[in-house]
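Trainee: Pasting in a structure now, in structure tokens, and then I'll have a few things to ask.
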Amino acid sequence: MPVAANPRQYIISFIFIGIAAIIVLRLFFLQNFEAKYKILANDIAIYKKVVYPPRGVIFDRKGKVMLSNTAIYDLMVTPSNVPKTFDTTQFCEMLDIPRSTYIAILTRAVVRNSSVRQSPFMEQLSPAQTARFQENAYMFPGFELVERNIREYHSKAAGIVLGYIGEVSQDMLKKPRYLSYRQGDYTGLSGLELQYEEALRGQRGVHYLERDKFNRPRDPYRGGVLDSQEISGRQLDLYLDAELQEYAERLMANKIGSVVAIDPQTGGVLCMVSSPSYDPNLLRGRERAKNYAKLYRQATRPLFNRGIQATYQPGSTIKPMTGLVALATGVISPSFGLGCRGSYGLCRRSIACEHKDAGHAANFRLALAHSCNSYFCHIFRMTIDYRNYKSVREGLQVWSDYYKNFAIGRQTGVDLPFEGRGLLPDSAYYSDRYKFSWNSCTVVFVGMGQGELALTPLQMANSMCIIANKGYYYTPHFVKAIGKNENDSALRKYKEKHNVLNISDSTFSVVQRAMQDVVESGTAMGARIEGVEVCAKTGTAENKAIVNGEVIKMQNHSMFVAFAPRQNPRIAIAVAIENAGFGATWAAPIASLVMEKYLKDSVTVKRKEVEDKMLNANLINEYVYTIDSAIRLHDLMVYNARVEKKRYADSTRRANAEVMLARWMEGKLKKARTIK
Amino acid sequence: MSLTRKSLFYRIDAAVLLLYIILVAIGITAVFSVEHRTTDTSLIMMNKSYMKQLIWFGYSLGLGFIILLTDSKFFSSIAFLAYTIGIAILIFTIFGGVDVKGSRSWLGVGSFRFQPGEVAKIFTAMALARFLALPETNFKTLKDRLIAVAIALVPAVLIIAQKETGLALVYFCFFLVMYREGLPNTILILGFSVVALVLTTLLVERKTLFVLLTVFAVMIGLLMRHALRRRMTPRLLLVGGWLFCIIFSQVAVPFVFKHVLQKHQIERIYSTIGKEVPDEYDKTLIAGEEVKKTNSSEYNVLQSKIAIGSGGFWGKGFLNGTSTKNQFVPEQNTDFIFCAIGEQFGFVGSALLVILYVSLMLRIVFIGERQRSAFTRIYAYCVASILFFHFAINISMTIGLAPVIGITLPFLSYGGSSLLSFSILIFILLRLDSDRQHLIR
């Protein structure tokens, strides 16, 4: 046998080394020059977990929590971790569900999400279920409680102001405003939640986690050095008085309308009621879409914020402003009087006045106290026909500019979305409407708050602020501080004092005195508050509804505006109750109760009777529902007619095509026959 | 001489023992790094694979100790008996084996399972060594060569019958041993040529290959035209070679692919050379099943390459292997354990590991060459060849140089049968080597 130095041992060693060298060479290139593997490794193994911070909490003016977050628990299941010996009976008993449901949910989880990944088993457990599960959690491997935050409204009040949140929709994601959002993110959809979304939302954090083959997150990647921490949403401090809001909402129960109260010295909104109100807790979590649809369909339209979106003809409540402009322009002096005999006949048609006794409009104060229609129609005409102006067009424009200055006919800029503008006619408007053939008589009704003038309750309250402050106002707003910072840049515009066109203090004093007379000796005696000088004006606004193209005259709106006290005013208020009758009967007591509640913190025992009457009154007319259903029916018919028409057109087109085809075929056949 | 002999434990080859222990330790560390979680409270967790592997290491050392205490003549004397028993067990396994992923290569008793194919390597190595070392064997005769080939390949055939083709391939490593013992050079060259032909057949389109081979043959004919004119043999050789190549590439390979190889094997072969399985070999299409083509072996190799490739030069660091730790690499404790090294310790670690293996193999070759006993020498070559095949194919398949066939990385891969059988191989070698002054037949 060849023993000594067989050359083949070297060949074999060479093969060993050669193959090893090839392997090392391959490793060298694989590990040093192929960057794609690094990227791929990160792609598959690193899981970016987005952590949502809690949304900002909203406090009222007294520091009471109005809107916060609450933890709810979802029960999650990882089917592959559920042992075969699982005690299903006990588990189902604990959750109070039948066995079939258990099997159904588990099967669905496996089918949808594979058995190794966590799927929801049951969302939003009840507190009892949560407690029972937590006690026995050790007995149910594979199941886990996962905490989730949802919004919690601490009372049923102020839902329309606070708004609600919901998932961003596909359409929203396309807009630049929602660039930083992703599908599944929550965002404010109305009210303050929408307006202050940026502040409330906070900043989400990103945590990098390693994940395994089954997409299950594991340890933090590289010990979490790349993570960015989430930042909680900032809190909002409101001017709103939660107690007052609740009280006002109770007073407005079973009435359609609105109450808006503003602190004239800051412009802060103290309460804003849109009645009927809804329980904001309905519009959160899984039930939101369902409840939203339900609320949306209601005839009384609870989702419509009447405080800023509904526009009413102000009726007599505009008379202080009419007077203010007339006095300011120097058209009349406070002692100007009119001998009204129950009607105003200078404009060919007669305008009725409530009062017939002589001297009820002997001067401005008396006229306002008695709410004399003739007087205010007349001074309105005098204002726009003033000899200093070249024409009525210029006169009306001057008047219109004053009103615009009072934030009428435009958005006040309140910090709520979707604010209405109201309606303020100017010369161009009338010229367009009446083809230039109009004069002061054509538009005379505007002087007494009817006609083409329409205000939102917020605008009415704001105009009260102007009178109360004698010439200035702050843009009405809800938020006092963002994240405890009163000087946040988002709030800067609300610190700005808006001075109205030069109207002298004495002019305001005259109007204020006159409005005080309204309460003390005029139409609004029911609005008196003991020991407080209340200035107010009632209004009874005629209104018409258009139902299916027909104009129907409806019951009057009950309107009321006021502020108190006269010196150092602390509250300005506007109340509008739809189709309720006289302003003095309903709107005035409600406004006065709200003011009293705010100024004195409680309502005196003497007024309990009035309070009860207001609380219990149901002023929603049956015909609201009738009209609503009539409108809906009409809409449905219009829709059906359109569908029918389209179907008819389609079938005609089809029939035509068929006929054409038949003719063409016939021609072909004929030709074929002739060839034969 | 026997009086001056040092104690047994001083005569053991320290280098091999050291390399063996280092490699097993690396293996346990690798399995640990894959399995460890930051949430683990303790390192000692009996349900984890690395602890089981540690226990297997303990068994291996115990068995190795027993082997070292055994008389070295014992191994050569029981070689044929052991081989016969091994064959019997292999045959039994074909019928009585446990079905694991479609192959019947495991024997199970309760929860304990082992793969006779792994252990049979030892017996085959011993039997081959014994046969070639017999004084009456003349390896120059065809008869003895055939007997040697039969000894090596009978277990392979049985293992193929168990549907564990990968393991069977390892038995071809014994050709390396036979080459050392005198198999002619031409066989080695022929073997490489066949491999080259197979590869070109798979890589190049059939008609193109036909043209290429013909052009190649004609060119050789032109170059050697003087020799061809003078003598008959070269002419016959050239035409015969050309014909063989044509038949092989045009007829034999398509036949094997269509009728012999199984679907997953075809996929593996094609995924290795980086090509899609051609439609004509696509078993799903042939069978007419509307099964979506899922190339799992391609996925495995990709994941393995991602893990190793993402390691870079220095690696991601111990316990930071995102791919291996999070179970992206399939079979990562067993066949793909190399990924854990490649990902965590990068090129430096991988190259070092390769160097360790090569050192071990060269050391074993060196040990073989210093023997006076032919049995020990041949046995040593068997051990080196087995290690080499396992090492080369396993690492090559993790980096996409070889098809994915389920064979383990010696000493590193998790698994009792594998570690135990390699340990026995090494310890028998150590025992035989310690008596190298004696002549063992």
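The values are calculated or read from the model by the stated rules, or taken from the named source; none is laboratory data. As the structure is a prediction and not an experimental result, all values here were calculated from the model. Here the Cβ is made from the backbone with ideal geometry for all residues, glycine too, and neighbour counts use every protein chain on show.
Trainee: Give A:LYS613, A:LYS646 a once-over and let me know the one that is modelled with pLDDT of 90 or more, among the basic types (Lys, Arg) and closer than 30 Å to A:LYS255 by Cβ.
Mentor: Of A:LYS613, A:LYS646, the one residue that is modelled with pLDDT of 90 or more, among the basic types (Lys, Arg) and closer than 30 Å to A:LYS255 by Cβ is A:LYS613.
Trainee: Condition (residue is within 29 Å of A:CYS340 (Cβ to Cβ) and in a loop (DSSP other than H, G, I, E, B)) applied to the stretch A:377-386: is it met by at least one residue?
Mentor: Among the residues of the stretch A:377-386, at least one is within 29 Å of A:CYS340 (Cβ to Cβ) and in a loop (DSSP other than H, G, I, E, B), which makes the answer yes.
Trainee: Also, quick follow-up: Is it the case that the stretch B:108-126 has a residue that's farther than 30 Å from B:ILE22 by Cα, free of Cβ contacts under 8 Å to residues at least 12 places away in the same chain and assigned to a helix (DSSP H, G or I)? Walk me through it before giving the result.
Mentor: Start the filter on the stretch B:108-126 by keeping residues that are farther than 30 Å from B:ILE22 by Cα, which leaves B:108-110.
Cutting the leftovers down to free of Cβ contacts under 8 Å to residues at least 12 places away in the same chain gives us B:108-110.
With the extra rule that they be assigned to a helix (DSSP H, G or I), the set shrinks to none.
No; the residues of the stretch B:108-126 include none that is farther than 30 Å from B:ILE22 by Cα, free of Cβ contacts under 8 Å to residues at least 12 places away in the same chain and assigned to a helix (DSSP H, G or I).
Trainee: Condition first: surrounded by 13 or more Cβ atoms within 10 Å (Cβ to Cβ), under 23 Å from the mean Cα position of the chain (by Cα) and modelled with pLDDT under 90. Can you find one or more residues in the stretch B:129-142 that meet it?
Mentor: The answer is no; no qualifying residue exists.
Trainee: Among the helices (runs of 4 or more DSSP H) contained in the stretch B:220-286, which hold 2 or more residues that are farther than 26 Å from B:GLY400 by Cα and modelled with pLDDT of 75 or more?
Mentor: Result: B:225-230, B:232-247.
Trainee: Now, a different point. Can you name the residue in the stretch A:136-172 that is basic (Lys, Arg) and either in a strand (DSSP E or B) or out of contact with any helix residue (DSSP H, G or I) (no Cβ under 9 Å at 6 or more places or on another chain) (or both) and is also farthest from A:THR70 (Cα to Cα) among such residues?
Mentor: A:ARG148
Trainee: Of the residues A:ARG182, A:ARG250, A:ARG177, which single one is assigned to a loop (DSSP other than H, G, I, E, B), of a type outside the set (Ser, Thr, Tyr) and away from every other protein chain (no Cβ under 14 Å)?
Mentor: Among A:ARG182, A:ARG250, A:ARG177, only A:ARG182 is assigned to a loop (DSSP other than H, G, I, E, B), of a type outside the set (Ser, Thr, Tyr) and away from every other protein chain (no Cβ under 14 Å).
Trainee: Could you check how many residues of the stretch A:85-111 are in contact (Cβ under 8 Å) with a residue 24 or more places away in the chain and in contact with a helix residue (DSSP H, G or I) (Cβ under 8 Å, 6 or more places away or on another chain)?
Mentor: 9
Trainee: If A:GLU609 satisfies all but one of (1) touching a residue at least 60 places away in the same chain (Cβ under 8 Å); (2) in a helix (DSSP H, G or I); (3) out of contact with any Leu (no Cβ under 6 Å at 6 or more places or on another chain), what's the number of the condition it fails?
Mentor: Only one criterion is unmet by A:GLU609, namely (1).
Trainee: Moving on. Among the residues that make up the stretch A:320-339, is at least one of them in contact with a His (Cβ under 7 Å, 6 or more places away or on another chain) and part of a loop (DSSP other than H, G, I, E, B)?
Mentor: There is at least one residue in the stretch A:320-339 that is in contact with a His (Cβ under 7 Å, 6 or more places away or on another chain) and part of a loop (DSSP other than H, G, I, E, B).
Trainee: Right, something else. Has the stretch B:334-342 got at least one residue that is touching a helix residue (DSSP H, G or I) at 6+ places or on another chain (Cβ under 8 Å), at the interface with another protein chain (Cβ under 8 Å from one of its Cβ atoms) and modelled with pLDDT of 90 or more?
Mentor: yes
Trainee: Then there is this: From the list B:PHE388, B:PHE422, exactly one residue is part of a helix (DSSP H, G or I), in contact with a helix residue (DSSP H, G or I) (Cβ under 8 Å, 6 or more places away or on another chain) and touching a residue at least 40 places away in the same chain (Cβ under 8 Å). Which is it?
Mentor: Just one listed residue meets the conditions, B:PHE388.
Trainee: Follow-up question, since we're still on this one. Looking at B:PHE366, B:PHE375, B:PHE347, can you tell me which residue is within 8 Å of chain A (Cβ to nearest Cβ) and either more than 13 Å from the chain's Cα centre (by Cα) or at pLDDT 95 or above (or both)?
Mentor: Working: B:PHE366 fails: within 8 Å of chain A (Cβ to nearest Cβ); B:PHE375 fails: within 8 Å of chain A (Cβ to nearest Cβ).
Going through B:PHE366, B:PHE375, B:PHE347 in turn, just one is within 8 Å of chain A (Cβ to nearest Cβ) and either more than 13 Å from the chain's Cα centre (by Cα) or at pLDDT 95 or above (or both): B:PHE347.
Trainee: Can you name the condition, by its number, that A:GLY224 falls short on among (1) among the small types (Gly, Ala, Ser); (2) away from chain B (no Cβ under 14 Å); (3) free of Cβ contacts under 8 Å to residues at least 24 places away in the same chain?
Mentor: (2)
Trainee: When you scan the stretch B:137-179, how many residues do you find that are without any contact (Cβ under 8 Å) to a residue 24 or more places away in the chain and closer than 13 Å to B:ALA120 by Cα?
Mentor: Residues meeting the conditions: 3.
Trainee: Restricting attention to the stretch A:532-551, and to residues there that are in contact (Cβ under 8 Å) with a residue 24 or more places away in the chain and more than 22 Å from A:MET448 (Cβ to Cβ), which single residue is surrounded by the fewest Cβ atoms within 10 Å (Cβ to Cβ)?
Mentor: Of all residues in the stretch A:532-551, those in contact (Cβ under 8 Å) with a residue 24 or more places away in the chain come to A:532-543, A:545, A:547-548.
Restricting the remaining residues to those that are more than 22 Å from A:MET448 (Cβ to Cβ) gives A:532-534, A:547-548.
Values: A:VAL532: 17, A:GLU533: 18, A:VAL534: 26, A:VAL547: 16, A:ASN548: 13.
Looking at the filtered set, the residue picked out is A:ASN548.
For (1) β-branched (Val, Ile, Thr); (2) surrounded by 13 or more Cβ atoms within 10 Å (Cβ to Cβ), each residue gets a yes or a no:
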| position | (1), (2) |
| --- | --- |
| A:ASN6 | no, yes |
| A:GLN31 | no, yes |
| A:PRO53 | no, yes |
| A:ILE58 | yes, yes |
| A:GLY63 | no, no |
| A:ALA71 | no, no |
| A:LEU95 | no, yes |
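Trainee: Identify the residue in the stretch B:308-324 that is within 7 Å of chain A (Cβ to nearest Cβ) and of a type outside the set (S, T, N, Q) and, among all such residues, is surrounded by the fewest Cβ atoms within 10 Å (Cβ to Cβ).
Mentor: B:PHE313
Trainee: How many residues, within the stretch A:483-526, are modelled with pLDDT under 90 and of a type in the set (Val, Ile, Thr)?
Mentor: Adding up the residues that qualify gives 3.
Trainee: Name the single residue, out of those in the stretch B:23-47 being more than 14 Å from every other protein chain (Cβ to nearest Cβ) and at pLDDT below 85, that is surrounded by the most Cβ atoms within 10 Å (Cβ to Cβ).
Mentor: By that ranking, first place goes to B:MET45.
Trainee: Of (1) surrounded by fewer than 21 Cβ atoms within 10 Å (Cβ to Cβ); (2) more than 24 Å from A:ILE571 (Cβ to Cβ); (3) within 21 Å of the chain's Cα centre (by Cα), A:GLN229 satisfies all except one. Which?
Mentor: Tallying (1) surrounded by fewer than 21 Cβ atoms within 10 Å (Cβ to Cβ); (2) more than 24 Å from A:ILE571 (Cβ to Cβ); (3) within 21 Å of the chain's Cα centre (by Cα), A:GLN229 fails exactly one: (3).
Trainee: I'd like the full set of residues that are farther than 24 Å from A:ALA352 by Cβ and either among the aromatic types (Phe, Trp, Tyr) or surrounded by 16 or more Cβ atoms within 10 Å (Cβ to Cβ) (or both), limited to the stretch A:427-446. Full working, then the answer.
Mentor: As a first pass, look at the stretch A:427-446 and keep what is farther than 24 Å from A:ALA352 by Cβ: A:427-429, A:431-433, A:435-437.
Once the filter is applied, which keeps residues that are farther than 24 Å from A:ALA352 by Cβ and either among the aromatic types (Phe, Trp, Tyr) or surrounded by 16 or more Cβ atoms within 10 Å (Cβ to Cβ) (or both), the stretch A:427-446 yields A:SER427, A:TYR429, A:PHE436.
Trainee: Write out, first by first residue and then by second, each pair whose Cβ atoms fall under 6 Å of each other, whose residues are 6+ apart or on separate chains, and whose first residue, in the stretch A:624-641, is at negative phi while the second is at pLDDT below 80.
Mentor: A:ILE627/A:VAL547; A:ALA630/A:VAL547; A:HIS634/A:ASN548
Trainee: Sticking with this one: Name the single residue, out of those in the stretch A:502-525 being in a loop (DSSP other than H, G, I, E, B) and closer than 20 Å to A:HIS355 by Cβ, that is nearest to the chain's Cα centre (by Cα).
Mentor: Let us first name the residues in the stretch A:502-525 that are in a loop (DSSP other than H, G, I, E, B), namely A:502-504, A:521-524.
Next, only the ones that are closer than 20 Å to A:HIS355 by Cβ stay: A:521-524.
Values: A:SER521: 39, A:GLY522: 37, A:THR523: 34, A:ALA524: 32 Å.
If we take residues in the stretch A:502-525 being in a loop (DSSP other than H, G, I, E, B) and closer than 20 Å to A:HIS355 by Cβ, then A:ALA524 is nearest to the chain's Cα centre (by Cα).
Trainee: Condition first: within 24 Å of the chain's Cα centre (by Cα) and surrounded by fewer than 19 Cβ atoms within 10 Å (Cβ to Cβ). Now tell me which residues in the stretch B:61-80 satisfy that.
Mentor: The answer is B:LEU61, B:LEU63, B:PHE80.
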